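Participant: Just dropping this structure here.
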2 protein chains.
Amino acid sequence: MDDAVAVDFGEDGLVPAVAQDATSGEVLMLAYVSPEALERTRETGVAHYYSRSREELWQKGKTSGHEQHVQEVRVDCDADTLLYVVEQDGGACHTGYRSCFYRTIEGETVGERVFDPDAVYDE
Amino acid sequence: MDDAVAVDFGEDGLVPAVAQDATSGEVLMLAYVSPEALERTRETGVAHYYSRSREELWQKGKTSGHEQHVQEVRVDCDADTLLYVVEQDGGACHTGYRSCFYRTIEGETVGERVFDPDAVYDE
């Protein structure tokens, strides 16, 4: 992993990462990635992010089982945004939808609900 | 446009927006959007962003002619990220590639070059 493009993590040490379904091409979510999250993603092949609210490294699917198996990590022209091309187990969104982008800005639901969040997260 | 989902523009007044090709599903770019940029996008049907470096509203393709015709704007579950589903004229990337995500993190070029930037931007 020595020939990696140098990612510009900027002042806050984070870059946004877009997760895209490798099969359908659907944009699943956007979250933030720290250098450690990127390293763990590349080492394990499972998507890791950094939670800005909880201020900690976060393995997607650790609680829900809805892991993202990363086929490829891409970097944009400015090297300050990542694209995770993934195989998504279950749904990406904690609300039960396949994608977090399940609504239009007009408020119409256009996404597919694939699990019941109450059955997955017991809090 | 009165029934729009209330977007959470956060402390800096900006949200990230992912642009996705409506036809191919390709993720084209990520840029930032201000309330004004979103309003102009919805009014005109052409993608507008906010340039953090130039600190100004920015109509994509104004210089290059490579406009993005927005078919749909989606909002994520937390209402702090947008997805622009677009028809892309030419290429999204100023480097001449169709998508800004034309490289893997290992540095391999995987994207398609669709125009010569020297012929488009005379600076």
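The values are calculated or read from the model by the stated rules, or taken from the named source; none is laboratory data. This one's a predicted model, so the numbers in the text were calculated from it and none came from an experiment. Using ideal geometry, Cβ is built from the backbone for each residue, glycine included, and neighbour counts are taken over all protein chains shown. Surface areas here come from the heavy atoms of the whole protein model, side chains and all, with no ligands, DNA or RNA. Shrake-Rupley method; radii C 1.70, N 1.55, O 1.52, S 1.80 Å.
Participant: Consider only pairs whose beta carbons are under 7 Å apart and that are at least six residues apart or on different chains; among these, list those whose first residue lies in the stretch B:36-51 and is among the aromatic types (Phe, Trp, Tyr) and whose second residue is at pLDDT 95 or above and open to solvent by less than 20 Å² (accessible area, probe 1.4 Å).
Facilitator: These pairs meet every condition: B:TYR49/B:ALA17; B:TYR49/B:ALA31; B:TYR49/B:VAL33; B:TYR49/B:ALA37; B:TYR49/B:LYS60; B:TYR50/B:VAL33; B:TYR50/B:SER34; B:TYR50/B:ALA37.
Participant: For the stretch B:67-90, give me the residue count where each residue is within 14 Å of chain A (Cβ to nearest Cβ) and either touching a strand residue (DSSP E or B) at 6+ places or on another chain (Cβ under 8 Å) or surrounded by 24 or more Cβ atoms within 10 Å (Cβ to Cβ) (or both).
Facilitator: Adding up the residues that qualify gives 15.
Residue by residue, here is whether (1) over 26 Å from A:ALA31 (Cβ atoms); (2) within 11 Å of the chain's Cα centre (by Cα) holds:
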residue: B:GLN20; (1), (2): no, yes
residue: B:GLU26; (1), (2): no, no
residue: B:LEU30; (1), (2): no, yes
residue: B:GLU43; (1), (2): yes, no
residue: B:TYR50; (1), (2): no, yes
residue: B:LYS60; (1), (2): no, yes
residue: B:THR63; (1), (2): yes, no
residue: B:GLU67; (1), (2): yes, yes
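Participant: Could you please find all residues in the stretch B:5-50 being facing chain A (nearest Cβ under 9 Å) and among the hydroxyl-bearing types (Ser, Thr, Tyr)?
Facilitator: Across the stretch B:5-50, the qualifying residue is only B:SER24.
Participant: Just the residues that are free of Cβ contacts under 8 Å to residues at least 60 places away in the same chain and touching a Pro at 6+ places or on another chain (Cβ under 7 Å), please, taken from the stretch A:53-111.
Facilitator: Passing the criteria: A:HIS94, A:THR95, A:GLY96.
Participant: Continuing with the same structure: Take the residues in the stretch A:51-60 that are away from chain B (no Cβ under 13 Å) and within 22 Å of A:TYR97 (Cβ to Cβ), then tell me which one is most open to solvent (accessible area, probe 1.4 Å).
Facilitator: Just the residues of the stretch A:51-60 that are away from chain B (no Cβ under 13 Å), to begin with: A:54-60.
After this cut, where a residue has to be within 22 Å of A:TYR97 (Cβ to Cβ) as well, the list is A:54, A:58-60.
On the way: A:ARG54: 125, A:TRP58: 66, A:GLN59: 42, A:LYS60: 16 Å².
My answer is A:ARG54.
Participant: Could you run through the stretch B:91-106 and say how many residues are closer than 12 Å to A:VAL75 by Cβ and either open to solvent by 40 Å² or more (accessible area, probe 1.4 Å) or more than 8 Å from chain A (Cβ to nearest Cβ) (or both)?
Facilitator: 3
Participant: I'd like to check something: does the stretch A:109-122 contain any residue that is over 21 Å from B:GLU26 (Cβ atoms), within 7 Å of chain B (Cβ to nearest Cβ) and open to solvent by 10 Å² or more (accessible area, probe 1.4 Å)?
Facilitator: Quick first cut of the stretch A:109-122, residues over 21 Å from B:GLU26 (Cβ atoms) only: A:109, A:113-122.
Imposing the further condition that a residue be within 7 Å of chain B (Cβ to nearest Cβ) reduces the set to none.
No, every residue in the stretch A:109-122 fails to be over 21 Å from B:GLU26 (Cβ atoms), within 7 Å of chain B (Cβ to nearest Cβ) and open to solvent by 10 Å² or more (accessible area, probe 1.4 Å).
Participant: Based on this model, can you work out whether A:THR63 counts as of a type outside the set (A, V, I, L, M, F, W, C), open to solvent by 10 Å² or more (accessible area, probe 1.4 Å), in contact with a Phe, Trp or Tyr (Cβ under 9 Å, 6 or more places away or on another chain) and at pLDDT below 95?
Facilitator: On the way: of a type outside the set (A, V, I, L, M, F, W, C): yes; open to solvent by 10 Å² or more (accessible area, probe 1.4 Å): yes; in contact with a Phe, Trp or Tyr (Cβ under 9 Å, 6 or more places away or on another chain): yes; at pLDDT below 95: yes.
Spelling it out, A:THR63 is indeed of a type outside the set (A, V, I, L, M, F, W, C), open to solvent by 10 Å² or more (accessible area, probe 1.4 Å), in contact with a Phe, Trp or Tyr (Cβ under 9 Å, 6 or more places away or on another chain) and at pLDDT below 95.
Participant: Which of the residues that make up the stretch B:84-108 are under 19 Å from A:VAL27 (Cα atoms) and among the charged types (D, E, K, R)?
Facilitator: Across the stretch B:84-108, the qualifying residues are B:GLU87, B:ARG98, B:ARG103.
Participant: Inspect all residues belonging to the stretch B:38-46 and state whether any of them is open to solvent by 20 Å² or more (accessible area, probe 1.4 Å) and touching a Phe, Trp or Tyr at 6+ places or on another chain (Cβ under 9 Å).
Facilitator: Within the stretch B:38-46 (the criterion being open to solvent by 20 Å² or more (accessible area, probe 1.4 Å) and touching a Phe, Trp or Tyr at 6+ places or on another chain (Cβ under 9 Å)), the answer is no, since none of the residues qualifies.
Participant: Let me ask something else about it. Taking A:VAL120 and the conditions (1) modelled with pLDDT of 95 or more; (2) farther than 22 Å from B:TYR102 by Cα; (3) β-branched (Val, Ile, Thr), which numbered condition does it fall short on, given that it satisfies the others?
Facilitator: (1)
Participant: While we're on this one: Assess whether B:ALA6 counts as being open to solvent by 20 Å² or more (accessible area, probe 1.4 Å), of a type in the set (A, V, I, L, M, F, W, C) and at pLDDT 95 or above.
Facilitator: yes
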